[in-house]
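Visitor: Can you keep this structure in mind? I'll have questions shortly.
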Amino acid sequence: MSEGNCIFNFYKVKNYVVLGLTKTVNMKKIFLIALFITNYQVINAQYTEVINSKRPGFSESPYGVGTDVIQIEGGIFFGESSSNETFAKTDPFGGTIFLRYGKFMEKLEFNAKVTYQKNKSEFNNILTTDLGTVSGLSELTFGAKYLIFQQKFADNSKEIRSWKKRTAFDKKRLIPSVGVYAGMNLNFLGKAYKEPKMSPKAAILLQNDFTNRFILLTNLIADKIGTDNRTYSYIVTATYAVNQDWSFFVENEGDFLKYKTDFQVGTGVAYLWNENLQLDTSIRINTNADESAFTVGLGAAWRLDRHKDKEINRDKDGNIVKAKKRKKKGNFFSRLFKKKRK
């Protein structure tokens, strides 16, 4: 679900699976195998068994989609914005597509964002005056993000001797995982949205997993760097998974522009159709005193999963005997439309 995110992060799986092979069964071997399985070295991956999407929130997780995964996140938005000072009204409508691709290493993700927007404006005073309509590409950004620090937590759920230890809060959860983003705003935009030149964009991406269900994302962003329209902003998103199907989020965003400051809050829900498809809806309102605005969004996220997990086979003595890759089963259409099993 939303990365907002990484709503279903608690389903994250290990990248390496260990298979213990024995010819005969006895208590000593069972003990050694059990000890090995519970203590082998784990290398965590970005890949998860179910889709992790940044929708419907605007914030990004420091985690990528995983190697050989192509993910498409898109939706439409519509709303209304009116100025309490100039009496101008704008009805925005448009759509956004966010493409994500994992390659070379688990910690690295390449992405691109394209937004098409149509604004119909009018002046409302004694009479209503139509100010016309402008449309075109309003955003075209290419970039990449990289996970530089991944916080690891103790798994207390298997503690059976002490209820206190099993339910104790791990203080490491207060320290977030950290990622960085770097991108470029291209200038192949519509006339109404065109910038004087291309400009870089950078961000610091933080994620706190306070529980397996409750996640907090914080993004610190510098956009259109080196231009007169440069923006410094933050996005804070709290996401909670109600169950394996449904989750919701609340979000606060602040944009510090050269001439004004904008703040907005949003909320929404996401539904996991299957492990590769998520549906979502959201609503946002502007909290500025001089402007009244709301935006409604509807969207979906889908991934083409070509990720392969490595399997490490070991003999009865714990030695690696063969290494192979396990490929995901199912064709294109079965992964797209198959409803998850209950």
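What follows draws every value from the coordinates through simple rules; no lab data is involved. Everything numeric in this text was worked out from a predicted model, so none of it was measured. A quick note on method: Cβ atoms are made from the backbone with ideal geometry, for glycine too, and the neighbour counts reach across all protein chains shown.
Visitor: So which trypsin sites (Lys or Arg not before Pro) in the stretch 213-258 are both in a DSSP loop and have at most 13 other Cβ atoms within 10 Å of their Cβ?
Guide: Within the stretch 213-258, the qualifying trypsin sites (Lys or Arg not before Pro) (loop, at most 13 other Cβ atoms within 10 Å) are 258.
Visitor: While we're here: With a cut-off of at most 15 other beta carbons within 10 Å, and DSSP calling the residue loop, which GluC sites (Glu not before Pro) in the stretch 65-120 qualify? Please list them.
Guide: Here the sparse-neighbourhood loop sites are 85.
Visitor: Where the centroid of each part is defined by its Cα atoms, how far is the stretch 185-240 from the stretch 130-166 in Å?
Guide: That distance is 13 Å.
Visitor: Further question on the same structure: For the residues 206, 304, what sequence is obtained by ranking on other C-beta atoms within 10 Å, fewest first?
Guide: 304, 206
Visitor: Sort 290-300, 231-241 by packing, meaning the average of other beta carbons within 10 Å per residue, with the highest value first.
Guide: Per-residue mean Cβ counts within 10 Å order the peptides as 231-241, 290-300.
Visitor: Based on other C-beta atoms within 10 Å, arrange 161, 100, 173 from fewest to most.
Guide: 161, 173, 100
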